[in-house]
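Let me begin by presenting the structure, written as structure tokens, before commenting on it.
Bear in mind these aren't lab numbers, they're just calculated from the coordinates by the rules spelled out. Model, not experiment: these values are computed from the prediction. Note that we place each Cβ from the backbone using ideal geometry, even for glycine, and neighbour counts take in every protein chain shown.
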Amino acid sequence: MRRRTASGPRWTAFAFIAPLAAYLVLFYAYPLYRNIDLSLHDYTPRAFVQGDAAFVGTANFADVLSSDAFGTALWNTAVFTLVSIAAQYAIGLALAVFFRDNFPLSPLLRAMFLVPWLLPMIVSASTWSWMLNSDNGIVNSVLGAFGAGQVNWLTSPETALTSVIIANIWLGIPFNLVILYSGLQNIPKDLYEAAELDGAGPWQRFRHITMPLLRPVSVITLLLGLVYTLKVVDVIWIMTLGGPGNTSTTLAIWSYRRAFGTGQPDFSQAAAVGNLLILMALVFGFVHLYLRRREEWS
Amino acid sequence: MCAAAIAGCTSSGQGTSEADDAYTWWDPYPQHDDSSDWARRVAACGEEAGVTIERTAFDTTALTNQALLAAQEGTAPDVILLDNPAVSTLADTGMLTTMEEFGLDTSEIDDNLLAAGVVDGQAYGVPIGANTLALYYNEEILDEAGVDPDSVTDWASLTDALERVAETGHQGITFAGIGTEEGSFQFLPWFWGAGADLGDLDSPEAVEALELWKGWLDAGYAPNSVITNSQNTVWEQFLTGGFAFAENGTWQVNSAAEADFPVGVIPLPGRDGGVAPTPTGGEFIVAPVQADDTRYEATTRIVECMTTPEGLVETATTFAYYVPPTTAGQEAFLAENEDLQPWVEAVRNAKGRTSDGLGTDYPLISEALWSAVQNTLSGAMDAEEALDRAQAEAESATG
């Protein structure tokens with residue numbers, strides 16, 4: 001009787017955890033293991049079907065790191081990610097502050113800023129690529145009306161990366177707006193009133209009340225944005241395919257192209273690049289954990 | 001609805017009892033739904049073989065990946081219609097049966113068309129039809145510019161025609177230079193037409209071909225958007241009526257007839273005249289290896305139904321753009337569609353992309369080639385530098 005009560009709750013506890021554990025193993029641990037497994041073997045299409053891929057250790061990683069395209073892709077990834085999230089955050093914050101004071105039509109306008117989030121990616125990315133078309137795009141025809149020459153947004157090595165960054169910023173603003181806006185709602189109004197009585201101007205109030213109190217929300221927004229932006233494939237793939245040349249190829253695009261973009265899939269190299277991306281995201285995750293812990297201590 | 005879905009699942013697995021008379025069929029024609037002529041034709045071939053065919057359509061690139069995945073899991077379909085450059089890749093994995101094992105005679109098939117499916121002297125499939133590229137022109141624009149289409153016989157006369165078209169204020173030519181297989185497909189007639197060889201991407205001939213394209217872009221004869229154009233976009237541009245020429249394929253014949261302006265076709269010219277070799281397009285019918293080899297009997301009947309002379313003509317007419325791959329088929333096809341003679345001619349002169357013993361190396365070489373096209377057209381590099389690099393890439397990729 002006593003024994004049953006001792007072991008009963010423990011088994012019940014396991015039973016309750018089991019579905020979650022099974023879910024985690026099936027959908028997280030196994031795919032991750034498989035990805036590492038792929039990157040350590042040489043999976044040609046033949047080996048993929050026959051299941052006899054040779055173990056090559058870190059050769060795939062060495063190939064990736066020594067490839068000409070790696071430097072370009074790494075640089076593009078850094079520029080794409082940092083510029084995207086910096087601009088998304090700045091614009092999102094500006095809009096959130098703007099919408100903080102309710103004014104007529106503000107809910108409607110705020111809702112309209114969510115449109116990029118609601119549209120399927122294929123629709124918005126295709127629309128961007130039509131708008132930025134060199135010969136018939138609306139952007140060039142507007143610029144042309146002001147006397148500017150034709151800009152080859154998506155087809156010139158100088159502007160392709162900029163173009164996809166602009167589109168990606170537009171896509172990311174709603175996310176930043178929503179999170180920062182709800183963060184702003186949690187800052188007590190009386191702080192602003194008190195500061196105003198003490199003679200603080202709008203900039204001082206923003207600088208000394210909004211920014212410090214919004215910090216935890218800002219950090220999580222930036223971090224999520226970073227992890228999300230690191231692995232963006234769809235916008236770039238639809239707009240430029242990572243081209244022309246490799247000028248808008250990020251690590252994620254490179255990985256996707258190796259696996260699915262050619263007639264000869266190279267799953268091993270694609271997985272190796274994918275693992276590098278996971279590592280990068282992981283590093284930033286740890287940075288976040290560290291920052292949060294430091295905050296809790298203080 | 002639910003029951004049907006479950007039945008669909010089990011029958012695509014291996015050898016359950018219901019699966020015995022349900023044969024799985026994959027093709028890359030999602031535009032033809034279950035009520036289409038094509039779907040009915042597939043179903044009819046199944047009935048003739050005494051089985052039911054369950055047809056699933058995929059996008060072309062997705063089809064190759066799905067096939068690899070299915071082969072790995074041992075759940076490959078009975079029949080796949082596969083884009084011809086992918087045949088050697090799949091054959092190399094050992095997942096396809098040879099036509100000899102199937103007892104199918106491939107001697108009637110035109111050699112240049114069958115070549116894409118031959119690996120080490122063994123045919124791993126039968127082309128169900130072929131298509132290729134040619135140069136469509138807008139008669140109104142050429143009339144206005146005073147260009148006789150028959151005078152366009154080599155690169156110089158074509159560039160000359162483009163110049164005269166440009167003087168009338170129209171756009172010259174549009175083609176697909178996109179960074180995918182389509183880009184290589186469209187560039188190959190110029191590449192081969194210059195006398196270049198896929199084993200030697202940085203030859204002076206190859207540089208000349210790429211400089212021809214780049215020259216048109218720089219002179220404004222071709223729009224900058226060719227760098228991102230797919231073949232569909234090219235056709236949409238041509239249908240606006242603003243372009244004198246468009247490089248496109250047999251599959252647009254019907255659409256060309258319905259255009260708002262009279263459309264003509266000439267072969268793609270080689271550098272010094274004559275017809276440039278164009279790459280063959282089109283699908284092969286292939287049969288993946290099955291654990292249960294009693295299934296092959298019905299599969300053979302299905303494949304035969306699709307590849308008899310009458311069957312090939314029927315496929316050709318169902319699609320309207322497929323030229324039969326056998327002489328008998330072509331003659332029967334021409335008897336019904338006399339005006340497609342130039343296309344039959346073009347297909348006879350066409351060349352498989354994986355031919356010349358390239359096989360599974362072709363996709364790697366092709367990627368290097370389309371990157372060079374992209375780099376040059378976008379102005380990132382000049383043609384020589386881009387092709388030097390492409391050759392180095394191709395060499396390191398193919399080992």
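The radius of gyration of the Cα set in the protein assembly as shown, together with its Dmax, comes out at 29.3, 104 angstrom. Taking other C-beta atoms within 10 angstrom as a stand-in for reagent exposure, A:280, B:95 fall in the order A:280, B:95, fewest first. Amide hydrogen proximity for residue A:43: with H placed 1.01 Å from N in the peptide plane, the residues at 5 or more positions away or on another chain lying under 5 Å are A:268. Spin-label model, residue A:291/residue B:105: points 7 Å from Cα along the beta carbon direction are separated by 7.5 nm. Between residue A:20 and residue A:94, what FRET efficiency comes out of the Förster formula 1/(1 + (r/R0)^6) with R0 = 45 Å and r the beta carbon distance, rounded to 0.05? Approximately 0.65, to the nearest 0.05.
Residue-wise HN-Hα couplings along the stretch A:28-44, as the Karplus relation 6.51 cos²θ - 1.76 cosθ + 1.60 with θ = phi - 60° gives them from phi, are 10, 5, 5, x, 5, 4, 5, 5, 5, 4, 4, 6, 9, 10, 9, 8, 7 Hz; Gly and Pro carry x.
Add -39500 (n - 2.57) for each DSSP H run of 4 or more in chain A, then divide by its residues: what number comes out at 222 nm, to the nearest 500 deg cm²/dmol?
Computed mean residue ellipticity for chain A: -23000 deg cm²/dmol.
Inter-label distance, residue A:112 to residue A:279: 4.7 nm, where each label sits 7 Å from its Cα along the C-beta direction.
Calculate the FRET efficiency for residue B:259 and residue A:28 from the Cβ-Cβ distance with a Förster distance of 51 Å, rounded to the nearest 0.05.
Once the sixth-power term is evaluated, E becomes 0.45.
Exposure proxy shown here: for B:21, A:101, the number of other Cβ atoms within 10 Å sets the order, fewest to most, as A:101, B:21. Taking amide H atoms as placed 1.01 Å from N in the peptide plane, the amide H of residue B:283 lies under 5 Å from those of B:128, B:129, each 5 or more residues away in sequence or on another chain. Label positions at residue B:232 and residue A:119, each projected 7 Å from the Cα along the C-beta direction, are separated by 1.8 nm. Diffusion coefficient (Stokes-Einstein, Kirkwood radius over C-alpha pairs, 25 °C, 0.890 mPa s) for the stretch B:258-300: 158 µm²/s, rounded to a whole number.
Taking only Cα atoms, what is the 0 to 90° angle, nearest 10, from helix B:155-167's long axis to the longest principal axis of chain B? Long axis of B:155-167 versus the principal axis of chain B: about 70 degrees. Size descriptors for chain A: radius of gyration and Dmax over Cα atoms are 24.4, 90 Å. Listed values for the stretch A:81-97 are Karplus-derived 3J(HN,Hα) couplings in whole Hz (6.51 cos²θ - 1.76 cosθ + 1.60, θ = phi - 60°), namely 5, 5, 4, 4, 6, 4, 5, 4, 5, 4, 5, x, 5, 4, 5, 4, 5, and x replaces Gly and Pro. Find the Rg to Rh ratio for the stretch B:173-218, where Rh is the Kirkwood radius over alpha-carbon pairs and Rg uses the same atoms. On the Cα set of the stretch B:173-218, Rg over Rh gives 0.95. Here is how the number arises for chain B: DSSP H runs of 4 or more residues each give -39500 (n - 2.57), the sum is divided by the residue count, and the result at 222 nm is -14000 deg cm²/dmol.
Run the numbers for residue A:78 and residue A:101: contour at 0.36 nm per residue of separation, minus the present Cα-Cα distance, in nm.
Stretched out fully, the residue A:78 to residue A:101 stretch lengthens by 4.7 nm.
Ordered by the count of other Cβ atoms within 10 Å of each Cβ, fewest first, A:112, B:381 give A:112, B:381. Each pair of Cα atoms in the stretch B:64-131 enters the Kirkwood radius, and Stokes-Einstein at 37 °C and 0.692 mPa s then converts it into a translational diffusion coefficient of 265 µm²/s.
Overall, chain A carries a charge dipole of about 1240 debye about its Cα centre when +1 sits on the Cβ of Lys and Arg and -1 on the Cβ of Asp and Glu, all other atoms neutral.
Which length gain, in nm to one decimal place, applies between residue A:206 and residue A:194 when the Cα-Cα distance is subtracted from 0.36 nm times their residue separation? If you can, show how the numbers build up before the last one.
Working: separation 12, 0.36 × 12 = 4.32 nm, distance 1.34 nm.
Contour length minus the Cα-Cα distance gives 3.0 nm.
Residues of the stretch B:67-107 falling in the label zone of residue B:356, defined by backbone nitrogen less than 20 Å from a point 7 Å along Cα to beta-carbon, are B:84-89. Each Lys and Arg contributes +1 and each Asp and Glu -1, all at the Cβ; summed about the Cα centre of the protein assembly as shown, the dipole is approximately 5540 debye.
Annotation: amide H of residue B:275 within the under-5 Å range of B:270, sequence separation 5 or more or interchain, hydrogens built in the peptide plane.
Comparing Cα centroids, the stretch B:224-292 and the stretch A:54-74 end up 37 angstrom apart. For the stretch A:246-259, putting each phi into the Karplus relation 6.51 cos²θ - 1.76 cosθ + 1.60 with θ = phi - 60° gives couplings of 10, 5, 10, 7, 9, 4, 5, 5, 4, 4, 4, 5, 4, 8 Hz, in residue order, rounded to whole numbers and with x for Gly and Pro. Extension gain, residue A:13 to residue A:36, is 5.1 nm, computed as 0.36 nm per intervening residue step minus the present C-alpha separation.
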